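Bear in mind that the values in this text are calculations on the coordinates, not laboratory data. Predicted model only: the values in this text are computed from it and were never measured. Virtual Cβ from ideal backbone geometry, glycine too; neighbours counted across all protein chains shown.
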Amino acid sequence: MNFIPGYSLRQGSTLDKALLVKFMQRTYQEQFPDQDFSHLAHTVEQYFCRDTPLWWVYEEVGEVGEVGEVGEEIVHQLPITNYQLPITNHQLPITNYQSPVACLWVGNAIDQVSGDRHPHIFLLYVIPAHRRKRIGKALMQHLEEWAKQRNYCQIGLQVFQSNTTALNLYHQLGYQEQSLWMIKSL
């Protein structure tokens, strides 16, 4: 079954750390272009594990050997046949070389009011050339189904106030502000 027309979804593995770091760095660099985000490698090393699911979205390509690109740089050229992943109803076997065009990485958190554990979105990123094609929305809907199957009652996330595109998506999907994270620069 297709993820959405023209795209397929694959669950990531702990072998994807370097690629996850690149996607994290790209999303933060869009918001803060003059910052160095090399520290994100430590974040991924510390928090990415089998208990923090990761999904990749691939554009379906027709020719063996075609490579999808992330901006001008190619970030991932591994034959998917190296992965021995079970195929679910949301995954297709991918036989071509290609780069992911989007990802969703989910950790877990504890609601400080109720004490309930729930999924928390660490990263949702779609490369610019593939935006406005419903990929982000489809990833969020996939996460909601995944969470419901595991009897979670909510999903949490943090988003920068300046990221109006992401804020609009989350509001359209029914997400509401619950708290305000504040900082004071010293």
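Please compute the modelled spin-label separation between residue 117 and residue 50, points set 7 Å along Cα→Cβ, answer in nm with one decimal.
1.5
What's the FRET efficiency of residue 34 with residue 169 using the Cβ-Cβ distance as r and R₀ = 22 Å, to the nearest 0.05?
E between residue 34 and residue 169, to the nearest 0.05, is 0.30.
Once you have the Cα-Cα distance between residue 177 and residue 153, take 0.36 nm times their residue separation minus that, and quote the gain in nm to one decimal.
Details: separation 24, 0.36 × 24 = 8.64 nm, distance 1.61 nm.
Gain on extension, residue 177 to residue 153, equals 7.0 nm.
With a Förster radius of 45 Å, plug the Cβ-Cβ distance of residue 110 and residue 61 into 1/(1 + (r/R0)^6) and report the FRET value to the nearest 0.05.
Plugging the Cβ-Cβ distance into 1/(1 + (r/R0)^6) gives 0.65.
Checking the cross-link filter: which lysines have an alpha carbon closer than 27 Å to that of residue 22, excluding same-chain neighbours under 8 positions apart?
133, 137
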